[in-house]
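Asks: Okay, here's the structure, questions in a sec.
Values quoted throughout were computed directly from the atomic coordinates according to the rules given, and no laboratory measurement underlies them. Quantities reported herein were computed from a predicted structural model and do not represent experimental measurements. In this analysis, Cβ positions are derived from the backbone assuming ideal geometry, glycine residues included, and neighbour counts consider all displayed protein chains.
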Amino acid sequence: MVTAPKTQTTHSRRYIVPILERALIVLEALAKEPRGLGISELSRLLELPKNSVFRILTTLHSSGYLQRDEEGRIYRLSRKLLALGYEALDEHNLVEKSLDVMRELRDQTGETVLIGTLLGETGVVLELVPSNQPIKFLVEVGARFPLHTAAPAKAMLAFLPEPEQQAQLKKITFKKYTSSTLTGVAALRRVLEEARASGLAFDREEEVESLHCVAAPIFNHRGYPIAALWITGPSYRFRREDFARNGKNVKEAADRISARFGHNLLNP
C-alpha cells in the first residue's frame, strides 16, 4: 500500500506531487525485482489502480528508464536509471580511480591497457595507457567495440543480471571479422559461462587478425559490472600461452579498482 514515509510531517505532505511519489514507489519496487514485474503484479503489490500503474510504466519506459520484454508485459530498470546511480556514487570518476592501476598493469605486462564500458549495443573505450613497445595497439578514446568479439564486452556480459544479458544477446548482429569470430548466440553463451567461472574473457584474434586481448570485469558495491579492464597486444608477442599469467595480472588489477567502488571481494 502506498503510504507517506513516517519521517514526513503533515505540513511537508502538502507539497508532495502524488503521481511523482507513486512513480518513485514503482521504481523502488522494480529495483527489488531484477527480473522485472508486470502491471498486475505491481498493482497488487503496491495496492495501486492498474490504470495508474500502466500510465507510470508507459511514461518511464518512453523516457528510457525502464526496459520491457518482447511481449510488453514485464518491466525492469534500464541502464539509463543505473547511470544516474553511477553519478550519485561518484562512479563517473572511474577513469581517475583507475589510471594508477592501469599504468602499473602496463608496466607488469608490457602491453597496452584499456578501460571501457557498455554503451547501448556496443562497448566504448574510456581510456588507455599505451604500451612502451615499439609495436603496440592504439585506439582513440570513444572508439566502439562489438559485443561478440571484444574481450571487455564478454567480461561485462558474463556478469550482467540474466534479464539484461538476455536483452543484450538478442541485439547482437554476429558480423564475421576473422576465421575465429563467434558466429552465433550458442557459441557466445558458452564463452560467457567460461568467463563467469574464471573471471576472465578473451579475444583470440576474433576481430583483428594477430591481435590478442584478455579482460576482467570491474564491479561496483552491488556486484554490478560497471566496466572492464583489459590488455591487448600482437599475437607474436602476447601469445596464447601467456593468457594465464597475464590474465592473473589483469584480474588482480580489476579487483583493486572494484574495491575502490566498495565491491567486497570476499563476499561479492
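Asks: So how do SER258, SER43 line up by other beta-carbon neighbours within 10 Å, fewest first? Working shown, then result.
Replies: Working: SER258 24, SER43 17.
Exposure proxy ranking, most exposed first: SER43, SER258.
Asks: Can you tell me the relative contact order of region 147-268? Whole percent, Cα pairs under 8 Å, sequence separation 6 or more.
Replies: Taking the mean separation of contacting Cα pairs over the length of region 147-268, I get 26 percent.
Asks: Hey, another quick one. For the chain, what relative contact order do you get, as a whole percent, if you take Cα pairs closer than 8 Å and at least 6 residues apart?
Replies: Relative CO of the chain lands at 14 percent.
Asks: Another question, if that's okay. Cα to Cα, under 20 Å, and not fewer than 8 places away if on the same chain: which aspartates and glutamates meet these conditions relative to LYS50?
Replies: GLU21, GLU28, GLU33, GLU41, ASP69, GLU71
Asks: Only Lys, Arg, Asp and Glu count, each charged at its Cβ (+1, +1, -1, -1), so figure out the dipole size of region 10-77 about its Cα centre, rounded to 20 debye. Present the calculation step by step, with values, prior to reporting the outcome.
Replies: Working: 11 positive and 8 negative charges, 47 e Å.
Dipole magnitude for region 10-77 comes out near 220 debye.
Asks: Rounded to the nearest Å, what's the spacing between the alpha carbon centres of region 113-130 and region 36-50? Just the number, please.
Replies: 38
Asks: Return the long-range amide H neighbours of GLU127 (sequence gap of 5 or more, or a different chain), with a cut-off of under 5 Å between placed amide H atoms.
Replies: Close amide H contacts, sequence-distant or interchain: ILE115.
Asks: Place a +1 charge on the Cβ of each Lys and Arg in the chain and a -1 charge on the Cβ of each Asp and Glu, then give the dipole magnitude about the Cα centre in debye, rounded to the nearest 20. Intermediate results must be reported in sequence, preceding the final value.
Replies: Values: 37 positive and 32 negative charges, 142 e Å.
The dipole magnitude comes to about 680 debye.
Asks: Of LYS32/LYS80; LYS154/LYS175; LYS170/LYS251; LYS176/LYS251; LYS176/LYS248; LYS171/LYS248, which ones are farther than 26 Å apart at the Cα?
Replies: Details: LYS32/LYS80 17 Å; LYS154/LYS175 15 Å; LYS170/LYS251 28 Å; LYS176/LYS251 28 Å; LYS176/LYS248 29 Å; LYS171/LYS248 31 Å.
Over 26 Å apart, Cα to Cα: LYS170/LYS251; LYS176/LYS251; LYS176/LYS248; LYS171/LYS248.
Asks: In degrees, nearest 10, range 0 to 90: what is the angle between the Cα axis of helix 94-109 and the longest Cα principal axis of the chain?
Replies: Computed tilt is about 20 degrees.
Asks: Over region 183-251, what per residue volume does the convex hull of the Cα atoms give, in whole Å³?
Replies: Normalising the Cα hull of region 183-251 by residue number yields 98 Å³.
Asks: Can you pull the one-decimal nm distance between simple spin-label points at LYS97 and ALA259, each 7 Å off the Cα toward Cβ?
Replies: According to this spin-label approximation, the distance is 1.4 nm.
Asks: Another question, if that's okay. Quick one: length gained pulling THR58 to ARG222 fully straight, 0.36 nm per residue minus the C-alpha distance?
Replies: Details: separation 164, 0.36 × 164 = 59.04 nm, distance 2.74 nm.
That pair, THR58 and ARG222, stretches by 56.3 nm at full extension.
Asks: What residues of region 99-135 lie in the reach of a label at ARG245, counting those whose backbone N is under 13 Å from a point 7 Å from the Cα along Cα→Cβ?
Replies: Flagged as within label range: 108-111.
Asks: Which residues' amide hydrogens lie under 5 Å from the amide hydrogen of LEU229, considering only partners 5 or more residues apart or on another chain, with H built in the peptide plane?
Replies: Under 5 Å from the amide H of LEU229: ALA216, ILE218.
Asks: Hey, another quick one. With axes computed from alpha carbons, what is the tilt in degrees of helix 185-198 against the longest principal axis of the chain, rounded to the nearest 10 within 0 to 90?
Replies: 80
Asks: Next question, about the same structure. Step by step: find N for region 83-227, compute 2.2 N^0.38 Å, then divide the Cα radius of gyration by it. What's the final number? Can you show the working numbers first?
Replies: Numbers: Rg = 14.9 Å, N = 145, 2.2 N^0.38 = 14.6 Å.
Dividing the Cα Rg of region 83-227 by 2.2 N^0.38 Å gives 1.02.
Asks: Turning to a different aspect of this structure: Let me understand the chain better: what is its radius of gyration from the alpha carbons, and its Dmax, in angstrom?
Replies: Over the chain's Cα set, Rg and Dmax evaluate to 21.2, 72 Å.
Asks: Among residues other than GLU111 whose Cβ falls under 9 Å from its Cβ, what is the net charge (Lys/Arg +1, Asp/Glu -1)?
Replies: Working: positive: ARG106, LYS136, ARG237; negative: none.
Here the charged neighbours net out to +3.
Asks: Quick one: order PHE145, PHE243 by neighbouring beta-carbon count within 10 Å, fewest to most.
Replies: Working: PHE145 22, PHE243 17.
Starting with the residue having the fewest Cβ neighbours, the order is PHE243, PHE145.
Asks: Have a look at ALA150, ALA29, ALA216 and tell me which one the Gaussian network model of the chain (Cα, springs below 10 Å) gives the largest fluctuation.
Replies: Comparing ALA150, ALA29, ALA216 in the GNM, the peak value goes to ALA29.
Asks: Measure nothing fancy, just the Cα-based angle from helix 79-88's long axis to the longest principal axis of the chain, in degrees from 0 to 90, nearest 10.
Replies: Long axis of 79-88 versus the principal axis of the chain: about 90 degrees.
Asks: Which ordering of LYS50, LYS251 is given by a fewest-first count of other beta-carbon atoms within 10 Å? Walk me through the numbers on the way to the answer.
Replies: Values: LYS50 12, LYS251 19.
Neighbour counts put them in this order, fewest first: LYS50, LYS251.
Asks: Another question about this same structure. In square nanometres, what is one fourth of the surface area of the convex hull spanned by the alpha carbons of region 10-77? Walk me through the numbers before you get to the answer.
Replies: Numbers: hull surface 19.6 nm².
Taking a quarter of the hull surface, the average projection is 4.9 nm².
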